[in-house]
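This report refers to the structure that appears directly beneath it.
The values are calculated or read from the model by the stated rules, or taken from the named source; none is laboratory data. Predicted model only: the values in this text are computed from it and were never measured. FYI the Cβ positions are ideal-geometry reconstructions off the backbone, even for glycines, and counts take in every protein chain you see. Calculation scope for accessible area: heavy atoms of the full protein, side chains included, ligands and nucleic acids excluded. Shrake-Rupley method; radii C 1.70, N 1.55, O 1.52, S 1.80 Å.
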Amino acid sequence: MNYEDVMNLAGRRGYFFRSAESYANTPAGFWDYGPLGVLFRNRYVDLWRRRLVKLDEMVEVDAALIMPREVFVASGHLASFSDPIVECSNCHSIYRADKVIEEKVKHIVPEGLKDSEYDSLLTENNIVCAKCKHPLTGAKRFNMMFRVGIGPLGEEAYLRPETCQGIFVDVPFLFKTQRIKLPKGFAQVGKSFRNEIAPRQGLIRLRELLQAEIEVLFNPERTDLPKFDVALDYQISVAQGDVEPSLIKVSEAIATGVVPNKLIGYYLYLVQSFYETLGIAKSAIRLRKLTELERAFYSKVAFDLEVRTSIGWLELVACNYRSDYDLRRHAEVSKTDFTVDDEGKKILPHIFELSMGVDRSLYALLENAYRSEGERTFLALKPSVAPVQVGVFPLMSKEGLPEEARKVYDSLKEEFEVLYDEGGSIGRRYARADEAGVPFCLTIDQETLREGTVTVRERDSKLQDKVRVQDLPEWLEARLR
Ligand SMILES: [Zn+2]
């Protein structure tokens, strides 16, 4: 199994594909989701809501995609949301400085180096243009925000590069209108936009991406609440550096200073257990603690939740203790009061963030579920995660079977995601359903007409069972939970 196999399956089945593919000059980094992809993404977002937002009693917001210049002055994006780039002195190809060095030296090069440090690395390692072998210019900065003009005068504004700024600027409004007690999680799922220099790998690096972000506002003097105790015995997979993770109880991680407090331990537990619920094994997950060089200057501690894939450890979630930086900056620049009440005291909350890349999470889930056994390819997605939950097939397209199958399909389609297929041999229909990750397929045959039962075939084991038509909703419900 490798990256190409998974992307081929995704393309063949219409999970996702390059946007505007018919046009030769369409820029890279924009992808469309097809019918299966939309169902799959909805399933992910639905589980995110259940397992994180609802479980932790967070509230959800949906902020505007375009925000004025001043927001990004405050957030620091205008000054520093940039990638270091180098240019070929001959053919003018542009490369990302850290990536071009990484390719040569074969280990992680931090994004936070100074331009002069990149220059030294480029010289030390004799790095030249990959296309024409001429020397590269020194590193310079490229701001990755998409600028837009508002109204006829083209007032300066930007498409948001991350969803969280929308939450931060809404804090005074949210605390005024809602009854909120700290600590509180604010969640948002929505598009963000980044003008990446050379996005290549499918859903891994996009210019338009879907994020699911959670910003937990808290009083830094109250991080030890009874509600966090549920996490203490849970084993998280921690790696200090680019090494294999080791399992450590949250309580122990706090005691040894790997995790600074109970609140952060609890949210690391929530996010890791979420990915385990989606079907990723503990051993394939690591919470990599970032070094000071890798962290933003305002960040007190940060972990990347990464998942093992055929292209290496892939970052799916940035878990970042952002201190009071964001709210302090928005208060300063907007000249608005961002303090909130906590047990009778006015405080400026600190923030712990869980920022999930939805698109790359979906890629990781597909790869994790990809199975190839001889002629057979299937996606062993957990029934609760599969985009389509049940297939309905008439054994033959005659003798009243399609009509009976339609009846079964109609009785299920409101409650479940159901695929109806009467094309080709039953074997071919199973094969198509397997590639779509459909966990259960129902065959309608003569026995259905005679005795009111259908044959249910389970995807991974291929085992078959008989279920009465009238029991189907309950039978499915029990297995999809
Ligand atoms: Zn060149």
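Listed values, structure above:
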{"read-out": "Calculated P(r) tail over 20 Å for the stretch 42-120, as whole % of Cα pairs", "value": "61 percent"}
{"read-out": "DSSP loop GluC sites (Glu not before Pro) with at most 11 other Cβ within 10 Å: longest gap in the chain", "value": "58-220"}
{"read-out": "Approximate spin-label separation L153-V333, in nm, with each point projected 7 Å along Cα-to-Cβ", "value": "2.0 nm"}
{"read-out": "Net charge dipole size for the chain [Lys, Arg +1 and Asp, Glu -1 on Cβ; Debye, nearest 20]", "value": "280 debye"}
{"read-out": "Loop-resident sites, the stretch 357-420, for trypsin sites (Lys or Arg not before Pro), counting at most 16 other Cβ within 10 Å (DSSP)", "value": "K398, K413"}
{"read-out": "Members of K262/K346; K114/K262; K184/K345; K289/K345; K184/K346; K181/K300 lying beyond 26 Å, as alpha-carbon distances in this model show", "value": "K114/K262; K289/K345"}
{"read-out": "Neighbour net charge for Q178 - beta-carbon separation under 13 angstrom, K R +1, D E -1", "value": "0"}
{"read-out": "In range of the label at R479: residues from the stretch 390-411 whose backbone nitrogen is under 11 Å from the point 7 Å along Cα→Cβ", "value": "390-391"}
{"read-out": "Simple label model, 7 Å out from Cα along Cβ direction - D46 to H107, nm", "value": "4.6 nm"}
{"read-out": "Area of L348 that stays accessible when all protein chains are in place (1.4 Å probe, Å², to 10)", "value": "40 Å²"}
{"read-out": "Net lengthening on full extension, F30/F17 (0.36 nm per residue, minus Cα-Cα)", "value": "3.8 nm"}
{"read-out": "Cα convex hull of the stretch 1-157 - mean projected area over all directions, nm²", "value": "14.8 nm²"}
{"read-out": "Per-residue HN-Hα couplings for the stretch 432-444 [Karplus 6.51, -1.76, 1.60; θ = phi - 60°; Hz; x = Gly/Pro]", "value": "5, 5, 4, 5, 8, x, 5, x, 9, 10, 9, 10, 9"}
{"read-out": "Structure-based [θ]222 nm, the chain - -39500 (n - 2.57) summed over DSSP H runs of at least 4, per residue, nearest 500", "value": "-9000 deg cm²/dmol"}
{"read-out": "Accessible area of the chain belonging to carbon and sulfur atoms, whole % at 1.4 Å probe", "value": "50 percent"}
{"read-out": "In Hz, Karplus ³J(HN,Hα) per residue of the stretch 59-74 (6.51, -1.76, 1.60; θ = phi - 60°; x = Gly, Pro)", "value": "10, 10, 10, 9, 8, 5, 7, 9, 9, x, 3, 4, 4, 8, 5, 5"}
{"read-out": "Part-to-part distance (alpha-carbon centres) for the stretch 153-219 and the stretch 67-135, which is given in Å", "value": "25 Å"}
{"read-out": "For the stretch 1-65, the Rg and Dmax computed from alpha carbons only, in angstrom", "value": "15.9, 47"}
{"read-out": "Extension reserve of the K282-A255 stretch, reckoned as 0.36 nm per residue once the Cα distance is removed", "value": "7.6 nm"}
{"read-out": "Mean separation of Cα contacts under 8 Å (6+ apart) over length of the stretch 200-353, as relative contact order %", "value": "22 percent"}
{"read-out": "Most to least accessible of L159, L268 (protein chains only, probe 1.4 Å)", "value": "L159, L268"}
{"read-out": "Inter-site label distance for K176 and Q201 at 7 Å from Cα along Cβ, in nm", "value": "4.5 nm"}
{"read-out": "Cross-link partners of K133 among lysines (Cα-Cα below 23 Å; sequence separation of 8 or more within a chain)", "value": "K99, K104, K106"}
{"read-out": "Cα centroid of the stretch 282-317 to Cα centroid of the stretch 31-53, whole Å", "value": "23 Å"}
{"read-out": "Value of D in µm² per second that Stokes-Einstein yields for the stretch 267-379, Kirkwood Rh from Cα pairs, at 25 °C (0.890 mPa s)", "value": "149 µm²/s"}
{"read-out": "Directionally averaged shadow of the chain, computed from the convex hull of its alpha-carbon atoms, nm²", "value": "27.9 nm²"}
{"read-out": "Rounded to whole Hz, the Karplus (6.51, -1.76, 1.60) HN-Hα couplings of the stretch 334-351, x for glycine and proline", "value": "8, 6, 10, 7, 9, 6, 10, 7, 10, 6, x, 10, 7, 9, 9, x, 8, 10"}
{"read-out": "Added length on full extension, which subtracts the Cα-Cα distance from 0.36 nm per residue, D224 to E458", "value": "79.7 nm"}
{"read-out": "Percentage, to the nearest whole number, of Cα pairs in the stretch 376-470 over 21 Å apart", "value": "24 percent"}
{"read-out": "Partners for K462 among lysines (Cα-Cα distance below 18 Å; same-chain residues under 8 apart left out)", "value": "K382"}
{"read-out": "Trypsin sites (Lys or Arg not before Pro) within the stretch 95-148: DSSP coil, no more than 16 neighbouring Cβ in 10 Å", "value": "K106, K114, K131, K133"}
